[in-house]
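Structure, as structure tokens:
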Ligand code: ARG
């Protein structure tokens, strides 16, 4: 039930617009105020910048502008301190703020909405919110990528199988595997950086759908709020939620990277693999089975990825088929827009905290590649280095694998005589590559698993993470915007 929905307590929506109120149940049901409270600081900053602009172009008297701005910034400070208690009974945060101002300041409050619509206002609020959240998320993901690079550098000496089709394929270093996780995360971080860039034009001044006949200067608001410029077409702007779609997509990309990493961790901590040990500080127990050390954190990360994908779907289906212009459907962007930041940052933080408590078991890892079968390709390539056509080398090595199996011995211990009985080209140097360390060291192609190549990858990850961190840091915080708005002379 909407608070203040009867005339006696004064429905504020009516106070603000002078219009007859909606049936209280319908107003309550259609209100976005509860979600909107999350970005009330963004709304207040937008209004403070708007008031500053109105003064600069002469649409507000200096005194009125100062009163309005001071009241808005005081509300911002209350909101930042968690002390702002906005009354309900309003369709959205914009009306709630305007009604509050009008109650506090009287008629001056009625000037706030000059040359503005809630259609461009809500777009501004959401852009500020998404930009801030996406930048914070970007900083977290870049930090995780760079921690993974440190981790990779420490695990250089550990050798384990890489998998294709979840079958043992070829030996790689653990550093190489951890770098692979990091690369995927960095691609997602790059999409996050794009999502930040896509928010970076000010929509304010688009009005309801076609601009305004009043002599506003949109560039003032854009400058004060740290936008790179203003949007180009008012009609497009007020119906545009592509920046939220991009934000949910970028968030989902991070979660997908984290969920695939999580599956590796979940598999590798099973006793079937036992490549990774999970520390007590991050393992969950079973209420019944005393022996259990479960990787719940990583399972939950996978589940969060499902929600991230759901948010992308919600945005895609929300905007598909809408007519050009503003439609109230767009208010339902809220759940996906506001969920994405906490969802992605929560999962990123969980992986950051938990991964430090995982350690590779070097002996178990090495044992999984010690029978030599994963080095069959290396043997074939050694024959190629001696001049044999690859397909012939592949066949000869295949025969050797077959012979070893028939004799019930590992490829690693089949021996030179047996190899020679298969093909005269086999010699000591060819069979030496059956040692997984030799096989790993030999993969010197760009992007390969040889230590010097992995060091290059680690260096690249560190550089990319640093650059993305700088991009995140270049986005002004809400508090910095508050100071910039207040510092502007009016
Ligand atoms: N409450 C709307 C939202 O949050 C903003 C105002 C929409 N405009 C309108 N004419 N009802 O998206």
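Please treat every number below as a calculation from the coordinates, not as lab data. All values derive from a computational prediction rather than experimental measurement. A quick note on method: Cβ atoms are made from the backbone with ideal geometry, for glycine too, and the neighbour counts reach across all protein chains shown.
Can you tell me how the stretch 125-258 classifies by the Cα gyration tensor, rounded, prolate or oblate, using a/c under 1.5 as the rounded cut? Prolate.
Ranked by the mean number of other Cβ atoms within 10 Å of their residues, highest first, the peptides 382-395, 292-305, 49-62 fall in the order 49-62, 292-305, 382-395. Each peptide among 65-71, 206-212 gets the average number of other Cβ atoms lying within 10 Å of its residues, and from highest to lowest they stand as 65-71, 206-212.
How big, in percent, is the set of alpha carbon pairs in the chain lying more than 38 Å apart? Show your work: numbers first, answer last.
Numbers: 52372 of 119805 pairs.
The share of Cα pairs beyond 38 Å in the chain comes to 44 percent.
Sequence gap at least 6, Cα distance under 8 Å: using those rules, report the relative contact order of the stretch 388-490 to the nearest whole percent. Walk me through the numbers before you get to the answer.
On the way: 44 pairs, mean separation 11.4, N = 103.
So the answer I get is 11 percent.
The residue 233 and residue 320 beta-carbon pair, evaluated with R₀ = 22 Å, returns a calculated FRET efficiency of approximately 0.60. The equivalent ellipsoid of the stretch 373-490 has semi-axes of 57, 13, 10 Å, largest first, where each one is the square root of 5 times an eigenvalue of the Cα gyration tensor.
Given the -39500 (n - 2.57) contribution per DSSP H run of 4+ residues, what per-residue ellipticity at 222 nm results for the chain, rounded to the nearest 500 deg cm²/dmol?
On the way: 21 runs with 298 residues, N = 490.
The helix contribution divided over the chain gives -19500 deg cm²/dmol.
Taking R0 as 25 Å, what FRET efficiency do you get between residue 363 and residue 429 from their Cβ-Cβ distance, rounded to the nearest 0.05? Approximately 0.35, to the nearest 0.05. For 263, 348, 137, the sequence from fewest to most other C-beta atoms within 10 Å is 263, 348, 137.
Our compactness index for the stretch 290-429, the C-alpha radius of gyration over the empirical 2.2 N^0.38 Å, is 1.92.
At a 10 Å Cβ-Cβ cut-off, how would you order 339, 361, 92, fewest neighbours first? Write down the numbers at each step before the final one.
Working: 339 19, 361 16, 92 22.
Ordered from fewest to most neighbouring Cβ atoms within 10 Å, 339, 361, 92 come out as 361, 339, 92.
Semi-axes of the equivalent ellipsoid for the stretch 402-441, computed as √(5λ) from the eigenvalues of its C-alpha gyration tensor and ordered from largest down, come to 18, 13, 6 Å.
Tell me, what is the FRET efficiency for residue 487 and residue 409 to the nearest 0.05, using R0 = 60 angstrom and their Cβ-Cβ distance as r? Please list the in-between numbers first.
On the way: r = 79 Å, r/R0 = 1.31.
Calculated transfer efficiency: 0.15.
Restricting the calculation to alpha carbons of the stretch 74-204 gives Rg and Dmax of 24.4, 75 angstrom.
With the simple spin-label model, which puts each label point 7 Å out from Cα in the Cβ direction, the residue 420 to residue 438 separation comes to 1.7 nm.
All Cα-Cα separations within the stretch 239-365 were binned at 10 Å from zero, giving a P(r) of 12, 35, 24, 16, 9, 3, 0, each value a whole percent of the pairs. Applying 0.36 nm per residue to the separation of residue 463 and residue 80 and subtracting their alpha-carbon distance, the gain on full extension is 134.4 nm. Put simply, the C-alpha atoms of the stretch 360-433 give a gyration tensor, and the ellipsoid matching it has half-axes of 22, 14, 10 Å, longest first. Listing 264, 479 from fewest to most neighbouring C-beta atoms within 10 Å gives 479, 264.
Note that the stretch 180-289 shows a convex hull volume over its alpha carbon atoms of 170 Å³ per residue.
Between residue 107 and residue 287, the simple label model (points 7 Å from Cα in the Cβ direction) yields a spacing of 6.6 nm. So if I take the centroid of the Cα atoms in the stretch 307-365 and the same for the stretch 190-241, what is the distance between those two points in Å? Going from one Cα centre to the other spans 25 Å.
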